[in-house]
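Presented below is the structure to which this report refers.
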Amino acid sequence: MALVDAIERVLWTEQDISKRVSELASQITDDFMPPSTPPVLVGVATGAFLFLADLVKHIKLPIFIDFIRAESYGSGTQSNGAPTISFDLKLDIHGKHVILVEDIVDTGSTLSCLIAHLESKGASSVSVCSFLDKPARRKVQFELVGKGKFYRGFECPDYFVVGYGMDFAELYRNLAYVGVLKPELYK
C-alpha cells in the first residue's frame, strides 16, 4: 500500500506547516533576544524530530539542542497515561531556559512528566513548543516552570493523525504533511 492510500484526509499541507513553523521560530527569537541566555531546545524523540529540525533552522539566535525520549503509546493509538523516560538529556540544563519541543500534546500526561523532570534538573524556566495541541483529549493540566510560555503550532481536532514525524506503530513519520489515518488501519 502506498503511503497516500493510508490517509483519509490531509489536515495541514507541507506549505501550511512551513509557514506556521517560521512564525513559531520568529516568536521564540523575539522572546529570547539578548540579554537572555541562549535557550536549550529539547526535542522529544522520536515524533518531534522533523518539527525540531525545521524550527531551529528559522530561530535567529544561538541555541543549544538536546533530545529526550518518553514513551507512553507503545504501538497503540492511546496514551497509557504512565509515561517513562527511556533516554535522558546529555546537556546540563541547571539554571537554563528550556524549550521542550513536542510533536503533539494529547492527554498532557507525557508533557507533565517531562516538565517535572526538567524542573528537577534545575531548569530556570520550561516553555513548551508543540506542533499540535489536542485540548479535547486533555486529562492532565500541565504547569510551565518560571516564566515559561506555551507555543502552539495548530489546534488538532480529535482524530488520530500521522505524518511530519508522527506515527502509528513507527510508520508514516516520513509524510511531509499531517493527515488523518484511515481507521481501518488501526482498529
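Please treat every number below as a calculation from the coordinates, not as lab data. Given the structure is predicted, the values throughout are model-derived calculations rather than measurements. Ideal geometry is used to build each Cβ from the backbone, glycine not excepted, and the neighbour counts take in all protein chains shown.
Modelled spin-label separation between Glu8 and Ile63, with each label point placed 7 Å from Cα along the Cα-to-Cβ direction: 3.3 nm. On the principal axes of its alpha carbon atoms, region 104-160 extends 36, 19, 13 Å, with the longest extent given first.
Would you mind calculating the gained length between Ala176 and Glu71 on full extension (0.36 nm times residue separation, minus the Cα-Cα distance), in nm to one decimal? Don't jump to the answer; show the numbers that get you there.
Working: separation 105, 0.36 × 105 = 37.80 nm, distance 2.34 nm.
Taking Ala176 through Glu71 to full extension adds about 35.5 nm, to one decimal.
By the rule of a C-alpha distance below 20 Å, with chain neighbours fewer than 8 residues away ignored, the lysines paired with Lys147 are Lys96, Lys121. Stretching the chain fully between Asp30 and Lys90 yields a gain of 18.9 nm (0.36 nm per residue, less the alpha carbon separation). Give me the aspartates and glutamates in straight-line cross-link reach of Lys60: C-alpha distance below 14 Å, same-chain residues under 8 apart excluded. Filter leaves Glu23, Asp30, Asp31. Our analysis of region 63-187 gives Rg over Rh at 0.97, with the two radii drawn from alpha carbon positions and Rh computed by the Kirkwood formula. With only the Cα atoms considered, region 1-146 has a convex hull volume of 127 Å³ per residue. Taking 1.306 mPa s as the viscosity and 10 °C as the temperature, the Stokes-Einstein diffusion coefficient of region 15-60 based on its alpha-carbon Kirkwood radius rounds to 142 µm²/s.
Amide hydrogen proximity for Cys156: with H placed 1.01 Å from N in the peptide plane, the residues at 5 or more positions away or on another chain lying under 5 Å are Asp133, Lys134.
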